[in-house]
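The values are calculated or read from the model by the stated rules, or taken from the named source; none is laboratory data. Just so you know, these numbers come straight off a predicted model, no measurement behind them. Virtual Cβ from ideal backbone geometry, glycine too; neighbours counted across all protein chains shown.
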Amino acid sequence: MIAPESQVGVLYDAHREGTALLTFVINGESHEVTAEQFRTLVDVAVRIMKDASQSEGVEFTVESLHASAPTIVWQPQVIGAEVDVNEAFTNVANRIDEGVTMLEADEGVPDWMAAATANALYQASSDFGEGSVDGVSFNTNGHARKLTRRTYRTLDRVLHEKTDAIGSVTGTLVTATLSNGPHVTVKDEIHDRGVLCYVAKADLRAAGQLLGERVTVVGKLRRDYLGRPLQVRNSRIEATPEPSRVTVAEMAGALTGPESVPWLREQRGG
Amino acid sequence: MADRSSRAVVDASVLIAHLNREEGRFDKSRELLTDAEAGRLDLWAPMVIQVEVTRWSKDADPTDPEGRARLDAFLESDWLHVVEVDRRMARIARDVVAKTSAKTGVDALYVATAVIVEARTVYTWDDRLQTVSYEGIAGAEPPGATEPQLDLEGP
């Protein structure tokens, strides 16, 4: 079967005429790469391949190993029914190609890359270009994309990027304290993480009365690069009781109104 | 996060088709929402879904005086996971608008939600949204129940 057109250029086109193989190279002399570096970098490579192939129904097995420069050749194996391995490989390869390009060009972290992978790559790449390893490469049939120290700089910027905006967090108020400035901690019910919400000292006692309650905090909301709330300044806290429950069955035909699709199209425009 | 196949994004059209008992759409809408309610599927949507369905309800005739409160409770159901529209979501939605056939910003928000929560499918009755394809994410009409339905009215 012919694979779809590449979205990102020619990097992985060559595999169409041969076996789908993805080669991972640690750019450093074998005798200079420590066992710990090898383990760390292979772990990062596997994470990247796993993230990039998450929806494709394939997994990669080791086809061969070389030690001249530490090299692993991976081959995709079908794990899902009705999967075109060449098409899946093309998708994975294009994603890695595009992701490496983004990281090297300081254009951010690809959306398919999990936060844990980005963090692992950040740690692993901190020595790129400063020790025995210049970087790592993913390639097919001689076409390569290399992760270098530029990737570390990109991740250093992005992973520490925070944004501020007026916003709100809803969840359970779990602590109220004067330590490190008067604040409460709200366990955000969307992300299941504690968010520090700073309040005026005079308002802390009232906020403490809401311990264990569901609240909504409005204020200057700081989020991390994944959009997860970190803290709220100038917080205003309101009790937000759980709404009463209704079931899907109870709401079947509960309202009679205009037909869904034409109504939504009219509202959304386009 | 859970297996991608067990999570999906749901469009407002599916909730409205259920509330409105729309011919040809009601059964599959109910089955999809019931699957979510029973924990067989994680359903996600951008927070704007709550506004869209509530706005639709203004054009509907509630069948009982407590309709508004019940609708609010329905939209706050814990089986419907909502995602806030933040800068990352907006950036992805801009990319969706630029690269796909998505006709509106709201359509793009549903697709961007799928990116954020790592889902592959946006369930919708709108065939225009069904044609959108982005980063392995596709629109589709609700597929029907994942579990056999008991025929309680059979002989």
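Find the residue count for the range B:13-24, including only residues that are out of contact with any strand residue (DSSP E or B) (no Cβ under 7 Å at 6 or more places or on another chain) and at the interface with another protein chain (Cβ under 7 Å from one of its Cβ atoms). Show your work before the answer.
Residues of the range B:13-24 out of contact with any strand residue (DSSP E or B) (no Cβ under 7 Å at 6 or more places or on another chain): B:13, B:15-18, B:21-24.
Filter again for at the interface with another protein chain (Cβ under 7 Å from one of its Cβ atoms), leaving B:13, B:16-18, B:21-22.
Looking only at that region, the number is 6.
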Spans of strands (runs of 3 or more DSSP E) in the range A:73-186 with at least 2 residues touching a helix residue (DSSP H, G or I) at 6+ places or on another chain (Cβ under 7 Å) and crowded, with 21+ Cβ neighbours inside 10 Å | A:135-140, A:143-147
Checklist (1) among the aliphatic types (A, V, I, L, M); (2) over 31 Å from the mean Cα position of the chain (by Cα); (3) more than 9 Å from chain B (Cβ to nearest Cβ) applied to A:V261, failing item = (3)
Could you say whether any residue in the range A:198-210 is out of contact with any Pro (no Cβ under 7 Å at 6 or more places or on another chain) and at positive phi?
-> no
Of all residues in the range A:224-263 being part of a loop (DSSP other than H, G, I, E, B) and of a type in the set (D, E), which is modelled with the highest pLDDT?
-> A:E259
Going through the range B:107-141 one residue at a time, which ones are touching a residue at least 60 places away in the same chain (Cβ under 8 Å) and polar (S, T, N, Q)?
-> B:T113, B:T121, B:T124
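Name the residue, out of B:R70, B:R87, B:R55, that is crowded, with 17+ Cβ neighbours inside 10 Å and under 22 Å from A:T170 (Cβ atoms).
On the way: B:R87 fails: crowded, with 17+ Cβ neighbours inside 10 Å; B:R55 fails: crowded, with 17+ Cβ neighbours inside 10 Å.
That would be B:R70, the only listed residue that is crowded, with 17+ Cβ neighbours inside 10 Å and under 22 Å from A:T170 (Cβ atoms).
Out of the residues in the range B:58-67 that are within 7 Å of chain A (Cβ to nearest Cβ) and at pLDDT 85 or above, which is surrounded by the most Cβ atoms within 10 Å (Cβ to Cβ)? Break it down into steps so the answer makes sense when it comes.
Going through the range B:58-67, the residues within 7 Å of chain A (Cβ to nearest Cβ) turn out to be B:59-63, B:67.
Filter again for at pLDDT 85 or above, leaving B:59-60.
On the way: B:D59: 11, B:A60: 19.
Once the filter is applied, the top-ranked residue is B:A60.
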Any residue in the range A:200-210 that is outside any helix (DSSP H, G or I), crowded, with 19+ Cβ neighbours inside 10 Å and either touching a Leu at 6+ places or on another chain (Cβ under 8 Å) or more than 13 Å from chain B (Cβ to nearest Cβ) (or both)?
-> no
Picking from A:A88, A:A52, the residue that is over 24 Å from A:V133 (Cβ atoms), aliphatic (A, V, I, L, M) and within 14 Å of chain B (Cβ to nearest Cβ) would be A:A88
Tell me, please, whether a residue that is in contact with a strand residue (DSSP E or B) (Cβ under 6 Å, 6 or more places away or on another chain), modelled with pLDDT of 85 or more and part of a helix (DSSP H, G or I) can be found in the range B:119-141.
-> yes
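For the range A:235-245, how many residues meet the condition of being of a type in the set (G, A, S) and within 7 Å of chain B (Cβ to nearest Cβ)? Spell out how you get there, then give the answer.
First, pick out the residues of the range A:235-245 that are of a type in the set (G, A, S): A:235, A:239, A:244.
If we keep only those that are within 7 Å of chain B (Cβ to nearest Cβ) as well, we get A:244.
Adding up the residues that qualify gives 1.
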Options A:V232, A:V248: the member that is closer than 30 Å to A:A118 by Cβ and within 14 Å of chain B (Cβ to nearest Cβ) = A:V232
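Name the residue, out of B:T54, B:T34, that is among the β-branched types (V, I, T) and within 9 Å of chain A (Cβ to nearest Cβ).
Numbers: B:T54 fails: within 9 Å of chain A (Cβ to nearest Cβ).
Answer to the check: B:T34.
Residue under question is A:L221, and the condition is that it be closer than 21 Å to B:A90 by Cα, hydrophobic (A, V, I, L, M, F, W, C), in contact (Cβ under 8 Å) with a residue 40 or more places away in the chain and more than 7 Å from chain B (Cβ to nearest Cβ); does it hold? Steps first, answer last, please.
On the way: closer than 21 Å to B:A90 by Cα: yes; hydrophobic (A, V, I, L, M, F, W, C): yes; in contact (Cβ under 8 Å) with a residue 40 or more places away in the chain: yes; more than 7 Å from chain B (Cβ to nearest Cβ): yes.
So A:L221 passes the test.
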Considering the range B:84-99 alone, what residues qualify as being in contact with a helix residue (DSSP H, G or I) (Cβ under 7 Å, 6 or more places away or on another chain) and more than 7 Å from every other protein chain (Cβ to nearest Cβ)?
-> B:V85, B:A93, B:V96, B:V97
